[in-house]
Amino acid sequence: VNVRQVHRTGYHFQPTKHWINDPNGPMYYNGVYHLFYQYNPKGAVWGNIVWAHSVSTDLINWKKVEHAIYPSKPFDQFGCWSGSATILPGNKPIILYTGIIDKNNTQVQNYAVPANLSDPYLREWIKPDNNPLIVADQSVNKTSFRDPTTAWLGRDGHWRIVMGSRRKDRGMTHMYRSKDFMHWTKAGHPLHSSAGTGNWECPDFYPVSISGKNGLDTSVMGPNVKHVLKVSLDVTRYEYYTLGSYLAQQDRYVPDKDMVDGWNGLRYDYGNFYASKSFFDPSKNRRILWGWANESDTTDNDVQKNWAGIQLIPRTIVLDPSGKQLLQWPIEEVETLRRNKVELNNQKLAKGEKIEIKGITVAQADVDVTFTFNSLDNAEPFDPSWDRYDAQKLCSQKGSTVQGGLGPFGLLTLASENLEEYTPVFFRVFKDQNKHVVLMCSDASRSSLMDPKTHMKNGNDAYRPSFAGFVNVDLKDKKLSLRSLIDNSVVESFGAGGKTCITSRVYPTLAVYGNAHLYAFNNGTETVNIESLNAWTMSRPLQMNH
Ligand code: DQQ
């Protein structure tokens, strides 16, 4: 085995080599899914950014085609940064992206269109001469003015887009309107802004249905929808969203009353997940979310293995029935990769017990488990002095081995034979005044024997955080479910049907390929029951960007 390649993923999207970051302009057009992404054609670190392009008919098998957009004109010669696709009336796709025009990082918004609409893969893109379409005026910070969204059409027949930006420390989304998609005028106010949150990158703004599970086209408005505004916070490198109302009259987005803007708000993912973008898939009436996971290994290792960054498994997004958060779930197509099913049913786990799940290739697996318990009485009290917004701190103090009352219980993924290495994904339940608080962790702190001191990332220790989030779940039925997609150096976990999601990148040295083990465990005094556990080896897609 080439030691540099043991951490390559088997079924996640990644090109054969070099650096990737943000997913760009995802769309479905005439039977084909398109994924563009930020790519460095020259190496495994960020730089020389172009839009690489891959196509698929099933979101699983991907064919790499020519780079769609790359620096070539004065309006993008220092970089082709993130952006989005919109399908215009008459079934005509158009891309908006950010061009870097000078060494000072000045940002403008450009467009590109397919050279030949009858090419099923839309291989060639043209950047017409009337670019750039939008240049920052005096009121805009021109080095923080990027990542145009998919456009939506207002009732007045005018298109709208927003770009991520800031004014000093106030994060905001500047809004522009256009009748013909070519001439854009800045709105007098941002769609939304929030003090003290710093720069907003990669905004995403879209409706979700209040009444059903179907996804909606980006322009849908009205009484049956809520809107989602997601931003990537430059400062924390996490993605936050609020649910709210799009007031069409005032052309403003207003978060619901109990929503929090900024870093105490809801996150798409409490781990390594950034610069995501969603799109509406009309072939299955769903909204799909693509997110990027950076490496957490050292830059030296990235350069040695000659690749960095993966796209995570696309997720469908729906509104939770509570109306207070979103639910995310891996697209159903990923289930076509499942092989060799193993299952466990009604298996008790007393305090300190663990059961090995055998019969699958754990390094590349899909595991779906439902735990039940008889009582909540043993849940430990939630100490009022704990920071309610800092789940990660709580997880790092009360890891998987610290005995609790109800939990910690869950999975030990990517475990070496003698547990020198493991990445636990687990729950721990606390009792608060009149409700329960459920903590979910994905703890990378014991994931690798590589010495974090000698494997420095950008001068710091290798990054092995105890990622965690709270799960807003009603425990009346005394059940908690967990699904983890494991793929060599990534563990993507979905708690309680996708209420809380956490992605970790990990770099085991022993728990690789056939030497990785998987356990279900319980370190709480309350016995938990594995009501059902289904696990599969995940096969490689036949085609992945070769
Ligand atoms: N990555 C792009 C920017 C965006 C950032 C540059 C987010 O357009 O703001 O590669 O990761």
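Assorted remarks:
- Residue count for the stretch 146-185 under the criterion of being small (G, A, S) and within 16 Å of the ligand (Cβ to nearest atom): the result is 3.
- Complete set of residues in the stretch 134-145 that are within 16 Å of the ligand (Cβ to nearest atom) and outside any strand (DSSP E or B): A136, V140, N141, K142, T143, S144
- Residue match in the stretch 12-19 (condition: within 12 Å of the ligand (Cβ to nearest atom), buried (at least 17 other Cβ atoms within 10 Å of the Cβ), hydrophobic (A, V, I, L, M, F, W, C) and modelled with pLDDT of 95 or more): yes
- Scoring S283 on the criteria (1) among the polar types (S, T, N, Q); (2) within 15 Å of the ligand (Cβ to nearest atom); (3) surrounded by fewer than 23 Cβ atoms within 10 Å (Cβ to Cβ) leaves a single failure, condition (2).
- Residues of the stretch 372-395 that are surrounded by 21 or more Cβ atoms within 10 Å (Cβ to Cβ) and in contact with an Asp or Glu (Cβ under 7 Å, 6 or more places away or on another chain): F373, C395.
- Count of residues meeting criterion [within 16 Å of the ligand (Cβ to nearest atom) and either surrounded by fewer than 17 Cβ atoms within 10 Å (Cβ to Cβ) or assigned to a strand (DSSP E or B) (or both)] in the stretch 194-203: 4
- Residue in the stretch 301-320 that is of a type in the set (S, T, Y) and either under 21 Å from the mean Cα position of the chain (by Cα) or surrounded by 19 or more Cβ atoms within 10 Å (Cβ to Cβ) (or both) present: yes
- Any pair with Cβ under 6 angstrom, 6 or more apart, that starts in the stretch 388-399 at a residue that is assigned by TED's automatic domain parsing to the domain that holds F426 and ends at one that is part of a helix (DSSP H, G or I) and modelled with pLDDT of 95 or more: none
- Members of the stretch 208-262 that are among the β-branched types (V, I, T) and under 21 Å from S82 (Cα atoms): T218, V228, V231, V235, T236
- The stretch 66-93, residues that are crowded, with 19+ Cβ neighbours inside 10 Å and closer than 19 Å to R177 by Cα: G83, S84, A85, T86, I87, P93
- Verdict on D22 being crowded, with 22+ Cβ neighbours inside 10 Å and acidic (D, E): yes
- Scanning the stretch 422-443 for residues that are under 16 Å from F371 (Cα atoms) and hydrophobic (A, V, I, L, M, F, W, C) yields V425, F426, F427, V429, V438, L439, M440, C441.
- Tally of residues being within 12 Å of the ligand (Cβ to nearest atom) and either without any contact (Cβ under 8 Å) to a residue 60 or more places away in the chain or of a type in the set (S, T, N, Q) (or both) across the stretch 78-107: 10
- Residue match in the stretch 286-305 (condition: modelled with pLDDT of 95 or more and over 21 Å from P23 (Cβ atoms)): no
- Counting only strands (runs of 3 or more DSSP E) that sit wholly inside the stretch 204-257, those with at least 2 residues that are within 18 Å of C501 (Cβ to Cβ) and within 16 Å of the ligand (Cβ to nearest atom) are 225-233, 238-247.
- Set T86, T143: member being under 16 Å from I161 (Cβ atoms), under 28 Å from the mean Cα position of the chain (by Cα) and of a type in the set (V, I, T): T86
- Criterion: away from the ligand (no atom under 16 Å from the Cβ) and under 14 Å from L59 (Cβ atoms) - qualifying residue of E332, E356, E343: E332
The values are calculated or read from the model by the stated rules, or taken from the named source; none is laboratory data. Bear in mind the structure is a predicted one, so any value in this text is a computation, not a measurement. Virtual Cβ from ideal backbone geometry, glycine too; neighbours counted across all protein chains shown.
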